[in-house]
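The values are calculated or read from the model by the stated rules, or taken from the named source; none is laboratory data. Remember, it's a predicted structure, so these values are computed and weren't measured experimentally. Cβ sites come from the backbone with ideal geometry, for glycine too, and all protein chains shown count toward neighbours.
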Amino acid sequence: MTRTTLKKAQNWYQQQTPPVRRVVIFVGIICLWMLTGIFNFSSDPAPKEPALFKVAAHHSTAKDIEHTLVLRGEIEPDRTANIAAETAGRIAELRLPKGSIVQRGDVLLTLAPDSRIKKVEEARANLAYFEKEFKTAQGLEQKGFQARNALASARADLERARANLADMELDFSNSQIKAPFDGIYEDRFVDVGDSVALGANLVKIIDIDPLVLKGFVPQNAINQVETARPVKGQTLSGTEVEGQIRSLANQADAVTRTYAIEVAVPNPMHLRLAGSSVTMNIPMGLEKAHFISSAFLSLAADGTMGVKGLDAENKVVFYPAEIIRSEAEGVWLAGLPEKATLITVGHGFVSEGQEVDPVFDESAATETSNIDISNTLAQSQKQDSNPSPNPDGTPAATQTE
């Protein structure tokens, strides 16, 4: 453009009114923007289908394992007896210390004899007298010198004397407190010099050979349990015991709907286990089961416990399952197909029927073995959620209306 042309344009612009000048300036700016390419009229790309959610999974095959019914209970003595005074008196002697192993009939403590010995001797003398009286009356009756009713009276006196002697001897015997069975002298509630009334508790004896493991069997397993079946138990301290089922209740508890069970455990060494908590393991036979981490378990909407897996089309399915054995690394589940594809990572973020993108790791059977694959999945999910960059390397702009 020459200077003459610019001069003419300038003169023309100065001759125009202010409104016309503003229009000229606006049109010039618009043309300048269009020439510099500020506006980008490129068409938007076609919408992209959302990526499938990634989960970790592995192919699991059931194995034959020993199905064990696990019960929690407690250990109790086979028998317990609180021995009460059968006669009143004063404690005179303590024969054995608490904790002693006793045999049936061993004297544990005695009451003061007081007049008991004298009463026994008097009763014996009376019995001897009435025995002679009866023999005399019997001889006279045979000779006809005495009426029959006199002989009957002598016989009655003799029987009363015998009964009186038996009472006196029993009262004297009751002054000696004896063990009713073989066991442990567990406790004593009196001391020397104490006066006790009839019926007062004196000592406690327990029989801990055998010990008895007591628990409750759920109603869905009661028909699989039978007496004489071997049982293994373990206390919280780690002591292991073995025994056999000796009794099963025939009627369920009205509240818990469980059946009482007793397991007899020989205890010749008199181990101090009575009163301890115990876990009982009852073998139920071989059963097909899958091993997984307990962290992979899920709950259905109705509260059913199970695990999530995949079908042939990579859609999520829910398998109801039963835990038949627990170990430190995981649990054994029964009730699944013999071969199943189980979700090990991401099961909490998918629902039944949802199609997913599985990443398989055949070594992932426990929670600890899934740490690396969890990190890989997290990075993959993050990449899928980020928009693709522009050709020049800058992030794609988010379009808004």
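Among the conditions (1) at pLDDT 95 or above; (2) part of a loop (DSSP other than H, G, I, E, B); (3) among the aliphatic types (A, V, I, L, M), L198 misses just one, which is (1). A single entry from A289, A295 fulfils the requirement of being assigned to a strand (DSSP E or B), touching a residue at least 12 places away in the same chain (Cβ under 8 Å) and out of contact with any Cys (no Cβ under 9 Å at 6 or more places or on another chain): A289. Select, from D194, D187, D207, D182, the only residue that is of a type in the set (D, E, K, R), touching a residue at least 24 places away in the same chain (Cβ under 8 Å) and either within 27 Å of R72 (Cβ to Cβ) or loosely packed, with under 12 Cβ neighbours inside 10 Å (or both). From the options D194, D187, D207, D182, the qualifying one is D207.
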